[in-house]
Amino acid sequence: AQTVTQSQPEMSVQEAETVTLSCTYDTSESNYYLFWYKQPPSRQMILVIRQEAYKQQNATENRFSVNFQKAAKSFSLKISDSQLGDTAMYFCAQNAGNMLTFGGGTRLMVKP
Amino acid sequence: DTGVSQNPRHKITKRGQNVTFRCDPISEHNRLYWYRQTLGQGPEFLTYFQNEAQLEKSRLLSDRFSAERPKGSFSTLEIQRTEQGDSAMYLCASGLGGRGIYEQYFGPGTRLTVT
């Protein structure tokens, strides 16, 4: 069975600053993918970034980057230069072939 | 717009009634997924299709729930004899099944309220 845990229910950050969201997971699969999805208030879920488990290099997408620690089964998301539009629920998810398994989410508030 | 679409966006129904939701995936995607999301929680997997074949169903999908994907295009999710516990957001996602491709793209969801 796969599990995903996000230990920070809520976080806040000042505009232009950097914030890191935590995620840990558990799986018995050797080949899997990890994702961060963003869900703005009353809007649909958007894929932010993905990481293939077999790649050692951490994924980066513009202001978003991950710190993937495979041995520790940790997958954190760093948002640099936070913008007001980053305010949303962030979900960490894992996929080993079929369904996505999601964490409980972190509500991020970016303050002006 | 070539993204995943879902209809209706909102549905209010009385307990005991049947409801049906529709999902139109991204056209070239052969996989289609249904998830349920309750307030403040992450989505939970319900079922998925590869083309027209329903390949996996979650234990969350009771016998009151049925999903179809005729001809491997759009999909419908029907809930019979709705209960208040069925109130949730029902999300559809689509993706390309294949080696090394695991991304899923979500629609806006259908919010169901059972009164």
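Candidates B:F49, B:F45: the one that is open to solvent by 10 Å² or more (accessible area, probe 1.4 Å) and modelled with pLDDT of 90 or more is B:F45.
Using the structure shown, decide if B:F65 is more than 14 Å from chain A (Cβ to nearest Cβ), open to solvent by 30 Å² or more (accessible area, probe 1.4 Å) and of a type in the set (F, W, Y). Spelling it out, it is not the case that B:F65 is more than 14 Å from chain A (Cβ to nearest Cβ), open to solvent by 30 Å² or more (accessible area, probe 1.4 Å) and of a type in the set (F, W, Y). Please tell me if B:R81 is basic (K, R) and either in contact (Cβ under 8 Å) with a residue 40 or more places away in the chain or under 22 Å from A:F35 (Cβ atoms) (or both). So B:R81 fits the description; yes. Taking the conditions (1) open to solvent by less than 30 Å² (accessible area, probe 1.4 Å); (2) touching a residue at least 60 places away in the same chain (Cβ under 8 Å); (3) of a type in the set (D, E, K, R) in turn, A:E17 satisfies each one other than (1).
So which residues in region B:68-97 are more than 14 Å from every other protein chain (Cβ to nearest Cβ), in contact with a Gly (Cβ under 7 Å, 6 or more places away or on another chain) and open to solvent by less than 50 Å² (accessible area, probe 1.4 Å)? Hit for region B:68-97 is B:T82, nothing else.
Of the listed requirements (1) open to solvent by less than 60 Å² (accessible area, probe 1.4 Å); (2) more than 23 Å from B:G95 (Cα to Cα); (3) within 14 Å of another protein chain (Cβ to nearest Cβ), A:F91 misses just one: (2). If only residues of region A:34-49 that are more than 12 Å from the chain's Cα centre (by Cα) and not basic (K, R) are counted, the one that is most open to solvent (accessible area, probe 1.4 Å) is A:S42. Scanning region B:25-45 for residues that are part of a strand (DSSP E or B) and either over 24 Å from A:P40 (Cα atoms) or touching a residue at least 40 places away in the same chain (Cβ under 8 Å) (or both) turns up B:R31, B:L32, B:Y33, B:W34, B:Y35, B:R36, B:Q37. Kindly indicate whether A:Y54 is hydroxyl-bearing (S, T, Y), farther than 18 Å from A:T106 by Cα, within 12 Å of chain B (Cβ to nearest Cβ) and free of Cβ contacts under 8 Å to residues at least 40 places away in the same chain. In short, yes. Scanning region A:1-14 for residues that are more than 11 Å from chain B (Cβ to nearest Cβ) and under 17 Å from B:E44 (Cα atoms), which turns out most open to solvent (accessible area, probe 1.4 Å)? Result: A:A1. Contact annotation: no residue pair with Cβ atoms under 7 Å, 6 or more positions apart or on different chains, pairs a residue in region A:77-96 that is free of Cβ contacts under 8 Å to residues at least 60 places away in the same chain with a partner that is acidic (D, E) and open to solvent by less than 10 Å² (accessible area, probe 1.4 Å).
State yes or no: is A:L84 open to solvent by less than 60 Å² (accessible area, probe 1.4 Å) and either modelled with pLDDT under 95 or out of contact with any Lys or Arg (no Cβ under 6 Å at 6 or more places or on another chain) (or both)? Spelling it out, it is not the case that A:L84 is open to solvent by less than 60 Å² (accessible area, probe 1.4 Å) and either modelled with pLDDT under 95 or out of contact with any Lys or Arg (no Cβ under 6 Å at 6 or more places or on another chain) (or both).
The values are calculated or read from the model by the stated rules, or taken from the named source; none is laboratory data. This one's a predicted model, so the numbers in the text were calculated from it and none came from an experiment. Don't worry about glycine lacking a Cβ; one is built from the backbone with ideal geometry, like all the others, and counts go over all protein chains shown. Accessible surface areas use protein heavy atoms only, side chains included; no ligands, DNA or RNA. Shrake-Rupley method; radii C 1.70, N 1.55, O 1.52, S 1.80 Å.
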